Amino acid sequence: MKDKKTAGRFSVGDHVVYPSHGVGIVEKIESQEVAGSKMELIVIVVEKDQMKLSIPTKRVGKVGLRALTPPKELDETLKILGGRARIKKSMWSKRAQEYDQKINSGSIKELTEVVRDLHRHDKQKEQSYSERQLYESAFERLCTEVAAVYSISHEDASATLLKHLADRGRSRSAPSSGSKKAAA
């Protein structure tokens, strides 16, 4: 069996998260000569955006390239979606910048918080165009990582996220079936 080519902690075929583009797959690790010096590069394919990124292995830490979130940690992180939205009372433009920074931070926790905070249930007021764009961007990025971590389809990942969002507040406010019978 042939060994996978590796660069640091990443190997060809690994799913990785590039903070400003989301989930991609390490296509190859190659050496190139640039301006007379040899440089090792990780080539990542981001299928969703039909994009290839070449990152010098020396810059992997600086750009925030990371492995997928482990399943157990992702399970815990998705519980954030069931919590109450935390929306600051600042101007929308300032909040939009903060949301954008969180989306592109590479942090699964911050990404999940953006999805939670910008998700609207049917009964809530409509979102502005920019709010909807940020929500859709965050939701799509989170959905892609959930699909990759759990090895499920994009549709199943989306359904998983929507279920967590729909469960918001039910566990705290819904009476248990035993208490209904006791009250009757």
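The values are calculated or read from the model by the stated rules, or taken from the named source; none is laboratory data. Owing to the predicted nature of the structure, the values given are computational and were not obtained by experimental measurement. Cβ atoms come from the backbone with ideal geometry, glycine included; neighbour counts cover every protein chain shown. Please note that ligands, DNA and RNA were not included when accessible areas were found on the heavy atoms of the full protein model with its side chains. Shrake-Rupley method; radii C 1.70, N 1.55, O 1.52, S 1.80 Å.
State to the nearest 20 debye the size of the charge dipole of the range 42-133 about its Cα centre, where the only charges are +1 on K and R beta carbons and -1 on D and E beta carbons.
Around 320 debye, computed over the range 42-133.
Which peptide among 92-99, 18-25, 155-162 comes first, and what is the full order, when sorted by highest mean count of other Cβ atoms within 10 Å?
18-25, 155-162, 92-99
Mind checking which of Gly13, Ile87, Gln32 is farthest towards the positive end of the range 1-124's charge dipole, using Cβ charges of +1 (Lys, Arg) and -1 (Asp, Glu) about the Cα centre?
Ile87
May I ask you to order 74-83, 30-39 by the average number of other C-beta atoms within 10 Å around their residues, highest value first?
74-83, 30-39
Tell me the per residue accessible area of the range 1-119 using a 1.4 Å probe; a whole number in Å² is fine.
Heavy-atom accessible area per residue stands at 61 Å².
Leaving out ligands, DNA and RNA, what percent of the accessible area of the range 1-159 is carbon and sulfur, probe 1.4 Å?
C and S fraction of accessible area: 50 percent.
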